[in-house]
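Q: This is the structure, below, for whatever I ask next.
The values are calculated or read from the model by the stated rules, or taken from the named source; none is laboratory data. As the structure is a computational prediction, the values presented were derived from the model and not from experiment. Glycine gets a Cβ as well: all are built from the backbone with ideal geometry, and neighbour counts include every protein chain shown. Areas reflect the complete protein model, heavy atoms only, side chains present, ligands, DNA and RNA absent. Shrake-Rupley method; radii C 1.70, N 1.55, O 1.52, S 1.80 Å.
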Amino acid sequence: MAIKYELIKEDKQTGARLGRVTTPHGSFETPVFMPVGTLATVKTMSPEELKEMGANIILSNTYHLWLRPGEDIIKEAGGLHSFMNWDGSILTDSGGFQVFSLSDMRDITEEGVHFRNHLSGEKLFLSPEKAMEIQNALGSDIMMAFDECPPYPAEYDYMKASVERTSRWAEKCLRAHKRPDEQGLFGIVQGGEYEDLRRQSAKDLVSLDLPGYAIGGLSVGEPKHVMNEVLSYTAPLLPKNKPRYLMGVGSPDSLIDGVIRGVDMFDCVLPTRIARNGTCMTSNGRLVVRNAKFARDFSPIDEHCDCYTCRNYSRAYIRHLVKTNETFGFRLTTYHNLYFLVKLMGQVRQAIKDDCLGDFREQFFEQYGFNKP
Ligand SMILES: CNc1nc2cc3c(=O)[nH]c(N)nc3c(CC[C@H]3O[C@@H](OC)[C@H](OC)[C@@H]3OC)c2[nH]1
């Protein structure tokens, strides 16, 4: 089997788990935050820097790479690992989400989705089979099933029909799976905020006995308490001996609250996206380094951080680079933000080992300012 999950420890007070996932390109401890590299690069970071900060698995995106440069070119390069010179693990999304989030004109049929290329306007068609063909060409270690991620909120009847179709699409993906020994196919549980539909979706996908499962349809604009409620009853429906991946979630509080409810893997563009407008995550909350008050502040972004950025550069210098739109400034903020989340998950894993995750959450939320009314 391409993907192995080892459950190392279950937290006594919460639903959190300590685990290890192994793929053909190495292994990583969970809970884990996975940097997003949509277009075959984690924007402004080199593979060496990603390894240095402790990232062992990164993400890329089927929809975007299908459009540019085209999966045939990447296949000719020997797959995504050699194309982008990354020898760690790679997870690719199936493209469904981007079709719904990027393309205005789209028509969903039983066979797949007809839509327009968001760059050229040309008509395109993406199906479960095509999504598997593209991910097969990319050679990712973990592939996501082709699903529909309905908008939030969605009517019950629409969501029910969508969940049932997503389950049928998952079966089509499994039938179209060419290399199960080298690539692991994860199903994606949908169902919105309807508990019976979440249960139905999980039941359908678990019956396919896939190597891992994602919880989709969240982080799409719903309030955080809705996400936490859905997670509380959905994560336990998934097999204990397989990884659980919450898609598109990455603010520090959401990561910790997802872990507490039993989630093992997370991805989000937040740290890299806010870095590119000069916003940094620090242990005392967010810091907008372009703010004038930092013009003569020669302290590091975060005094508690030991990353390359915080050991070598000041807020004043990074502010200057960001204000003058110097690329190096965005490399420094990106490195720090990714390091911050990768390190946070290391602290969460340690707290699970030490049976003090609840206390860690309290202390982290207090210091970061999440408890402020
Ligand atoms: C932000 N909130 C959010 N909720 C999401 C829910 C879903 C979902 O239900 N199904 C699918 N298939 N994808 C989802 C995604 C996209 C994640 C990808 O989108 C890309 O980030 C934007 C990245 O591609 C490298 C990532 O790869 C896994 C979500 N993103």
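Q: Placing +1 at every Lys and Arg Cβ and -1 at every Asp and Glu Cβ, with all other atoms neutral, what dipole size does the chain have around its Cα centre, in debye to the nearest 20?
A: 900
Q: Taking K and R as +1 and D and E as -1, what net charge do the other residues with C-beta under 15 Å from the C-beta of N117 add up to?
A: Net charge in that neighbourhood comes out at +1.
Q: On to the next question. Which of R68, R349, R319 moves most in a GNM of the chain, Cα contacts under 10 Å?
A: Greatest mean-square fluctuation among the candidates belongs to R68.
Q: Computed from the mean reciprocal separation of all distinct C-alpha pairs, what Kirkwood hydrodynamic radius does the range 256-306 have, in Å?
A: 13.0
Q: So, one more: Express the carbon and sulfur contribution to the solvent-accessible surface of the range 1-139 as a percent, rounded to the nearest whole number, probe 1.4 angstrom.
A: That share works out to 50 percent.
Q: Which Cys residues of the chain have no other Cys beta carbon under 4.7 Å away?
A: Result for the chain is C149, C173, C268, C280, C307, C356, no neighbouring Cys Cβ within the cutoff.
Q: Would you mind checking the radius of gyration and Dmax of the chain based on alpha-carbon positions, in Å?
A: 20.3, 61
Q: Which net charge results for the neighbourhood of T30, defined as the other residues with beta-carbon distances under 10 angstrom from its beta-carbon, given Lys and Arg at +1 and Asp and Glu at -1?
A: Residues near T30 contribute +1 overall.
Q: If ligands, DNA and RNA are left out, what is the accessible area of K353 with a 1.4 Å probe, given in Å² to the nearest 10?
A: Number for this one is 90 Å².
Q: Then there's this: First obtain the Kirkwood hydrodynamic radius of the range 77-127 from its Cα pairs, then insert it into the Stokes-Einstein equation at 25 °C and 0.890 mPa s, and state the resulting D in µm² per second as a whole number.
A: 193
Q: Please give the per residue accessible area of the chain, computed with a probe of 1.4 Å over protein heavy atoms only, in Å².
A: About 41 Å² of surface per residue is accessible.
Q: Note the angle between two axes, namely the Cα long axis of helix 357-368 and the longest principal axis of the Cα atoms of the chain, as a number of degrees from 0 to 90, rounded to the nearest 10.
A: Taking the Cα atoms of the chain, the angle to 357-368 is about 60 degrees.
Q: Still on this structure: Tell me, Kirkwood radius of the range 164-294 from alpha-carbon pair distances, in Å?
A: Final number for the Kirkwood radius of the range 164-294 is 16.2 Å.
Q: Please find, in a Gaussian network model of the chain (springs between Cα atoms separated by less than 10 Å), the residue of A145, A16, A295 whose mean-square fluctuation is greatest.
A: Highest fluctuation among the options: A295.
Q: Leaving ligands, DNA and RNA out of it, report the carbon-plus-sulfur percent of the accessible area of the range 220-337 at a 1.4 Å probe.
A: 49
Q: Here is a further query. Got a sec? Charge dipole of the chain, +1 on Cβ for Lys and Arg, -1 for Asp and Glu; which of S82, S314, S127 is way out at the positive end?
A: The residue sitting most towards the positive pole is S314.
Q: Continuing with this model, one more query. Probe 1.4 Å, all protein chains in place: accessible area of H320 in Å², nearest 10?
A: Per-residue accessible area (H320): approximately 100 Å².
Q: Now for a separate question. What is the distance in Å between the Cα centroid of the range 254-317 and that of the range 48-73?
A: Between the Cα centres of the range 254-317 and the range 48-73 lies a distance of 22 Å.
Q: On each of the three principal axes of the Cα atoms of the range 182-235, give max minus min coordinate, whole Å, ordered largest first.
A: 37, 22, 14
Q: Given the options G15, F33, S94, identify the residue whose Cα lies farthest towards the positive end of the charge dipole of the range 11-113 (+1 on Cβ of Lys, Arg; -1 on Cβ of Asp, Glu).
A: G15
Q: Rank E362, E222, E164 by mean-square fluctuation in a GNM of the chain with C-alpha springs under 10 angstrom and give only the top-ranked residue.
A: E362
Q: Run the reach check for K43 against lysines, Cα to Cα strictly under 28 Å, same-chain hits fewer than 8 apart removed. What comes back?
A: Excluding near neighbours in sequence, the set is K51, K75, K130, K224, K293, K323, K343.
Q: With bins 5 Å wide starting at 0, give me the P(r) of the range 63-199 over every alpha carbon pair, in whole percents.
A: Histogram of Cα-Cα distances, whole percents per bin: 2, 10, 19, 21, 19, 15, 8, 4, 1, 0.
Q: Taking only the alpha carbons of the range 268-352, what extent do you get along each of the three principal axes, in Å, biggest first?
A: Its Cα atoms span 42, 24, 19 Å along the three principal axes.
Q: What size of dipole, in debye to the nearest 20, comes out for the range 144-266 about its Cα centre when the only charges are +1 on Lys and Arg C-beta atoms and -1 on Asp and Glu C-beta atoms?
A: For this selection, approximately 420 debye.
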